[in-house]
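Colleague: Please read through the structure below; I'll follow up with questions.
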Amino acid sequence: MLNRTMHKVCIYSISVAMTSLTIAFVLTHVLPPQSPSESAQDIANYYRSHTTGIRIGAVVGAIGAVFYAPFCAAIAWEVKRITGAEAAYVQIILGVIGTLGLVSPWTDFMTLAFRPERPAEILHAMYDDAWMPLYSVAGCFAVQFAFLGWAMLSDKDAKPTFPRWFAYFTVFTGLDQAFGVFVVFTKTGPFAWDGVIAYWIPLVVFGVWTNLMVKYMSDRLKRESAADAVASGTGAFVTASPGA
């Protein structure tokens, strides 16, 4: 049985994650990001002069990214309701991998700010290492969203949770994130980790997608709560009628 209060908490956990990550991105100078073409000395100078902000940002990011996991649990519940357990397990497993990918970069930012006196080349390497986990799980998001889009299209309810167009938008969102794997090939241009295709478009698209997911799942929860309230009221009326 669905615990609606817990389900609502899981749905809105993505708001905590996105807000926390935005704050963390700003404090660690990841929004906008420093170019991968910058020299080791430039990176080192920045992290040596913004140590406190980076430490705070890294902590906020590490904590906030964890809230992607309960959001994935809410998605898995919807998928299970529509298609059964197997596809829900896919959502859970890939959601865990995606959460780890969102959490792991902050470990490197913490380490960068922990000993900023290290040689510039080491700080530069660690800055690179902070980015790669984030993009290496891009394929995970693509597969997760492809399964999710398929589940949305499989919904046979008279009033499905998600409109069909949103299923296609979900698949597009996943494929859009997948372009991140190409950051390893270039340090400049649209496919670099600060580029339009690898960073800015996926960031905006993912933001739109998460807001729409929250809306559609919340709307279904409200419909179910309203239906239960009506059923409960009807039951009380029928029970009371014979004794009237």
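The values are calculated or read from the model by the stated rules, or taken from the named source; none is laboratory data. Just so it is clear, the structure is predicted and the values come from calculations on it, not from any experiment. So basically every Cβ, Gly included, is an ideal-geometry build from the backbone, and we count neighbours across all protein chains shown. To get the accessible areas, we keep the full protein, side chains included, count just its heavy atoms, and leave off ligands, DNA and RNA. Shrake-Rupley method; radii C 1.70, N 1.55, O 1.52, S 1.80 Å.
Colleague: Between a first residue in the range 110-121 that is in contact (Cβ under 8 Å) with a residue 12 or more places away in the chain and more than 16 Å from VAL59 (Cα to Cα) and a second residue that is of a type outside the set (S, T, N, Q) and open to solvent by 40 Å² or more (accessible area, probe 1.4 Å), which pairs have beta carbons less than 8 Å apart while being 6 or more apart in sequence or on different chains?
Modeller: PRO116/ARG48; GLU117/ARG48
Colleague: Would it be correct to say that VAL9 is surrounded by fewer than 20 Cβ atoms within 10 Å (Cβ to Cβ) and under 21 Å from GLN177 (Cα atoms)?
Modeller: Spelling it out, it is not the case that VAL9 is surrounded by fewer than 20 Cβ atoms within 10 Å (Cβ to Cβ) and under 21 Å from GLN177 (Cα atoms).
Colleague: Scan the range 206-215 for residues that are buried (at least 17 other Cβ atoms within 10 Å of the Cβ) and touching a helix residue (DSSP H, G or I) at 6+ places or on another chain (Cβ under 7 Å) and jot them down.
Modeller: PHE206, TRP209, THR210, VAL214, listed by residue number.
Colleague: While we're here: Restricting to the range 135-161, name every residue that is closer than 20 Å to TYR68 by Cα and assigned to a loop (DSSP other than H, G, I, E, B).
Modeller: Scanning the range 135-161 gives a single hit, VAL137.
Colleague: Quick check on my filter: what residues within the range 44-56 are at pLDDT 90 or above and closer than 17 Å to ASP129 by Cβ?
Modeller: Passing the criteria: ALA44, ILE54.
Colleague: Next question, about the same structure. Would you please name the residue that is farthest from ALA76 (Cα to Cα), looking only at residues in the range 117-159 that are open to solvent by 70 Å² or more (accessible area, probe 1.4 Å) and charged (D, E, K, R)?
Modeller: GLU117
Colleague: If you don't mind, another one. Please verify whether the range 81-93 includes one or more residues that are crowded, with 19+ Cβ neighbours inside 10 Å and under 18 Å from VAL16 (Cβ atoms).
Modeller: no
Colleague: So GLY174 clears everything in (1) in a loop (DSSP other than H, G, I, E, B); (2) in contact with a Phe, Trp or Tyr (Cβ under 8 Å, 6 or more places away or on another chain) except one condition, right? Which one?
Modeller: (1)
Colleague: Identify, please: which residue in the range 38-55 is small (Gly, Ala, Ser) and assigned to a helix (DSSP H, G or I) and is, among those, surrounded by the most Cβ atoms within 10 Å (Cβ to Cβ)?
Modeller: Among those residues, the one meeting the criterion is ALA44.
Colleague: If you don't mind, another one. What's the number of the condition VAL26 fails, among (1) among the aliphatic types (A, V, I, L, M); (2) surrounded by fewer than 17 Cβ atoms within 10 Å (Cβ to Cβ); (3) over 21 Å from PHE206 (Cβ atoms)?
Modeller: (3)
Colleague: Another question about this same structure. Only one residue in SER20, SER35, SER104, SER15 is among the small types (Gly, Ala, Ser) and not in a helix (DSSP H, G or I), so which one is that?
Modeller: SER35
Colleague: Could I ask something else about it? (1) farther than 24 Å from PHE185 by Cα; (2) open to solvent by less than 10 Å² (accessible area, probe 1.4 Å): which one isn't true of THR111, the others all being true?
Modeller: Among (1) farther than 24 Å from PHE185 by Cα; (2) open to solvent by less than 10 Å² (accessible area, probe 1.4 Å), the lone unmet condition for THR111 is (2).
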